[in-house]
Structures are given as C-alpha cells and as structure tokens.
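A short worksheet on the structure shown next.
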Amino acid sequence: QVQLVESGGGSVQAGGSLRLSCVASGFAVLNYCMAWFRQAAGKERERVALISLYSITTYDDSVKGRFTISKVNANNTLYLEMHSLKPEDTAMYYCAADRICPTVSTRTRGYWGQGTQVTVSS
C-alpha cells in the first residue's frame with residue numbers, strides 16, 4: 001500500500017527552525033519527483049519546494065534561502081529544513097510524489113500525505 005507520512009511539525013517562534021520529514025512506503029522516492037506543499041487557512045494550496053528524480057531543486061520565492069528540500073533514498077524519506085521561520089509560514093504542510101514533475105501538483109493523481117501542522121508565532 002502506497003503511503004506518505006509527514007512528521008516534524010509543531011509550534012515555533014519567529015526566527016526558529018523546524019525539520020519536516022516524509023516517510024514513503026510502497027514506492028521508492030528514488031524513482032519519483034517529490035515536493036512539499038502547504039496550505040494556510042483561507043488560502044489555496046501552494047508548492048513550497050520540489051526535488052526531481054535527479055535531485056534538482058526548485059523553491060517558491062517566499063522560502064528561497066530559508067528552506068532546503070532533500071531526500072535520503074536509503075531511508076526512503078523526504079525532508080524539508082526550515083530556518084528563519086516567519087508567521088506567514090504557518091500552514092499545513094504536505095508531501096507529494098509523482099512519477100513526473102509536471103504533474104506533481106495535480107491533487108487527483110500521484111501520492112499525498114495527510115499533512116503536518118506548522119505554526120509560527122510572532
């Protein structure tokens with residue numbers, strides 16, 4: 001059974017750091033385009049960061065220089081290191097996977113986790 005399980009969320013003060021993890025089962029992250037998304041209350045889901053099959057990374061402008069996406073194939077785990085957190089980073093964070101990057105944002109295909117909440121206080 002394919003499954004993605006996020007963890008590592010929590011409450012942190014502005015300027016703090018968190019590391020999110022997404023453990024995959026039922027497929028190998030090595031063979032997938034992986035991404036982190038977030039959705040804040042009252043807002044649409046947005047893509048935060050992406051890492052391709054070849055470990056090429058892409059970031060939303062709002063998190064460039066502060067967040068780092070990575071994966072460890074041996075652990076079948078996707079990570080998101082978050083530093084210098086801001087209140088506007090508060091959201092539910094989801095990991096997602098798809099065989100190809102152009103469709104990783106499509107909610108009706110690929111694989112999605114249940115999310116982990118990140119709350120940044122000022």
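Order the following by accessible area, largest value first: T103, T57. Probe radius 1.4 Å; ligands, DNA and RNA are ignored. Can you show the working numbers first?
Numbers: T103 30, T57 60 Å².
Final ranking, largest accessible area leading: T57, T103.
Give the accessible area for R47 in Å² (nearest 10); use a 1.4 Å probe, count only protein heavy atoms, and leave out ligands, DNA and RNA.
90 Å²
Once the Cα atoms of the range 1-51 are picked out, what are the Rg and Dmax in Å?
13.2, 38
Got a number for carbon plus sulfur as a percent of the chain's accessible area, 1.4 Å probe?
Numbers: 3020 of 6350 Å².
Carbon with sulfur: 47 percent of the solvent-accessible area.
All other residues with a Cβ under 12 Å from the Cβ of F27 taken together, and with Lys, Arg as +1 and Asp, Glu as -1, what is their net charge?
Numbers: positive: R99; negative: D98.
That works out to 0.
Sort M92, M82 by accessible area with a 1.4 Å probe, largest first. Mind dumping the intermediate values first?
Numbers: M92 55, M82 0 Å².
Ranked from most to least accessible, the order is M92, M82.
Given a 1.4 Å probe, how much area per residue of the range 4-122 is accessible, in Å²? Can you show the working numbers first?
Details: 6000 Å² over 119 residues.
With all protein chains present, the range 4-122 gives 50 Å² per residue.
Please identify the trypsin sites (Lys or Arg not before Pro) of the range 58-104 that satisfy two criteria: DSSP loop assignment and at most 12 other Cβ atoms within 10 Å. Which are they? Walk me through the numbers before you get to the answer.
Numbers: sites: K64, R66, K71, R99; in loops: K64, R66, R99.
Sites meeting the loop and neighbour criteria: K64.
Just name one of T116, G65, C101: the one whose Cα is farthest towards the positive end of the charge dipole of the chain (beta-carbon charges, Lys/Arg +1, Asp/Glu -1).
Of the options given, the answer is C101.
Please give the contour-minus-distance gain from D61 to L30: 0.36 nm per residue of separation, less the Cα-Cα distance, rounded to one decimal in nm. Write down the numbers at each step before the final one.
On the way: separation 31, 0.36 × 31 = 11.16 nm, distance 2.57 nm.
Stretched out fully, the D61 to L30 stretch lengthens by 8.6 nm.
Relative contact order (percent) for the chain, with alpha-carbon contacts under 8 angstrom and 6 or more residues of separation?
Working: 305 pairs, mean separation 43.3, N = 122.
Worked out over the chain, it gives 35 percent.
Please label the shape of the chain as rounded, prolate or oblate, based on the square roots a ≥ b ≥ c of the eigenvalues of the alpha-carbon gyration tensor (a/c under 1.5 means rounded; beyond that, a/b larger than b/c means prolate, else oblate).
Working: a/c = 1.66, a/b = 1.59, b/c = 1.04.
Verdict is prolate for the chain.
The values are calculated or read from the model by the stated rules, or taken from the named source; none is laboratory data. Everything numeric in this text was worked out from a predicted model, so none of it was measured. Please note: Cβ atoms are built from the backbone with ideal geometry, for glycine as well, and neighbour counts cover all protein chains shown. Note: accessible area is taken over every heavy atom of the protein model, side chains too, but ligands, DNA and RNA are not part of it. Shrake-Rupley method; radii C 1.70, N 1.55, O 1.52, S 1.80 Å.
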